[in-house]
Amino acid sequence: MSGDQIIDVHHHLSAKPDDWKKLADECGRLKIRKIICFGNNEAVAKAMEAFPDLIVGFGLLRLGMDNALMVDEFVKMGFRGIKFIRPAANYDNRNYYRIYGRMEEKKLIAIYHLGIVSNRNPQASKFQDVDNNRHRPIYLDTISRAFPDLAIIGAHLGNPWYEEASMSARWDPKLYFDLSGSTLKKKTPEFIGNLLWWKEEGLYSPHKQNAWEKIVFGSDVEINMIEDTLNDYLRLFEALELPEEYREKVLYGTMAGLLGLGAAAKA
């Protein structure tokens, strides 16, 4: 395994306390030092109390239903960021700017679901307002330009809008992406390497960042599948012969910097 510390930025937390213990045990085995969790907000807060050294809570805020006052509530609960999914309008809708501005003031991190939302239960889905076009990564580019001090993580490298995501990452210094979801299962290392091609120096790196400084580890799977996702990342590193420096940044360093754990993220 590359490195001796890992931060997982993407876990949907069960509301069952017994599952929190299973998660903690698995994270210990895999050397995951911190895991960002979201789901039922009250359950996340309780899980943070139970495992304060491991679980980093993010609030779940419903864009189009909740307002900016929720940001302050989440800060009081000890959350370090907010997860967004299924917005009532595109993520960059100006009606949401007060929320993003408050997050920027409070130094919270934003995580956005990108791409297609699962439709495992079609009968239930017909009662939901889901428009997957609202989940495009290009909207994070708009938000990042409007709120340059807001750290943003987009899930799934924008699947299926990979080029939008990767080019936005190149241009926006505080915009990051994880590779969770089906991407590492269905796309070749060459495909991903061609998306993440720029180096720290030169005409094509406007913020002096290597492309791999914009990627963070996220699992987004059940507890017993976290190791499988981690191995997908490690196989990708090997196939691309990624230097150890950038493997460490993906698995730990970049996110550690954003959480203030001692490793500075370049920006």
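The values are calculated or read from the model by the stated rules, or taken from the named source; none is laboratory data. None of the values given here were measured: they were computed from a predicted structure. Note that we place each Cβ from the backbone using ideal geometry, even for glycine, and neighbour counts take in every protein chain shown.
I111 fails exactly one of the following numbered conditions: (1) on the phi < 0 side of the Ramachandran plot; (2) surrounded by fewer than 20 Cβ atoms within 10 Å (Cβ to Cβ); (3) not in a helix (DSSP H, G or I). What is the number of that condition? Status for I111: all satisfied but (2). With the structure loaded, tell me whether R80 is out of contact with any Cys (no Cβ under 9 Å at 6 or more places or on another chain) and touching a residue at least 60 places away in the same chain (Cβ under 8 Å) or whether it fails that test. Taking the combined requirement at face value, the residue satisfies it.
The residue list V56, V9 contains one member that is in contact with a helix residue (DSSP H, G or I) (Cβ under 7 Å, 6 or more places away or on another chain) and buried (at least 22 other Cβ atoms within 10 Å of the Cβ), which is V9. When each of D66, D92 is tested for being surrounded by fewer than 20 Cβ atoms within 10 Å (Cβ to Cβ) and at pLDDT 95 or above, the lone residue that passes is D66. Taking segment 183-196 as the range and being surrounded by fewer than 12 Cβ atoms within 10 Å (Cβ to Cβ) and part of a loop (DSSP other than H, G, I, E, B) as the test, only T188 passes.
Looking across I226, I143, one residue alone is farther than 30 Å from D25 by Cβ and either touching a Leu at 6+ places or on another chain (Cβ under 8 Å) or not in a helix (DSSP H, G or I) (or both). It is I143. Residue check: A165 meets all listed conditions (1) closer than 27 Å to F237 by Cβ; (2) touching a Leu at 6+ places or on another chain (Cβ under 7 Å); (3) outside any helix (DSSP H, G or I) but one, namely (3). The listed residues are G218, G202, and the only one of them that is of a type in the set (G, A, S), in a loop (DSSP other than H, G, I, E, B) and free of Cβ contacts under 8 Å to residues at least 12 places away in the same chain turns out to be G202. Just the residues that are of a type in the set (A, V, I, L, M) and touching a Leu at 6+ places or on another chain (Cβ under 6 Å), please, taken from segment 61-87. Hits for segment 61-87 are M70, I82. If you go through segment 248-267 and pick out every residue that is crowded, with 16+ Cβ neighbours inside 10 Å, at pLDDT below 95 and not aliphatic (A, V, I, L, M), you end up with 0. Every test in (1) among the charged types (D, E, K, R); (2) over 24 Å from S219 (Cβ atoms); (3) in contact with a Pro (Cβ under 8 Å, 6 or more places away or on another chain) is passed by D72 save one, and that test is (3). If you check L23 against the conditions, is it assigned to a loop (DSSP other than H, G, I, E, B), modelled with pLDDT of 95 or more and crowded, with 18+ Cβ neighbours inside 10 Å? So L23 fails the test. If the condition is being assigned to a helix (DSSP H, G or I), over 17 Å from I138 (Cα atoms) and of a type outside the set (S, T, N, Q), then segment 68-101 contributes L69, M70, V71, D72, E73, F74, V75, K76, R98, I99, G101. Do we find a residue being without any contact (Cβ under 8 Å) to a residue 40 or more places away in the chain, surrounded by fewer than 18 Cβ atoms within 10 Å (Cβ to Cβ) and under 26 Å from H12 (Cβ atoms) anywhere in segment 155-176? No: zero hits. Close Cβ contacts (under 6 Å, 6 or more residues apart or on different chains) running from residues in segment 43-68 that are closer than 17 Å to Y112 by Cα to residues that are basic (K, R) comprise V56/K34; V56/R80; F58/K83; L60/K83; A68/R98; A68/R102.
Let's see how each residue does on (1) under 16 Å from the mean Cα position of the chain (by Cα); (2) modelled with pLDDT under 95; (3) surrounded by fewer than 20 Cβ atoms within 10 Å (Cβ to Cβ):
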site: S180; (1), (2), (3): yes, no, no
site: K208; (1), (2), (3): no, yes, yes
site: I215; (1), (2), (3): yes, no, no
site: S219; (1), (2), (3): yes, no, no
site: I223; (1), (2), (3): no, no, yes
site: Y233; (1), (2), (3): yes, no, no
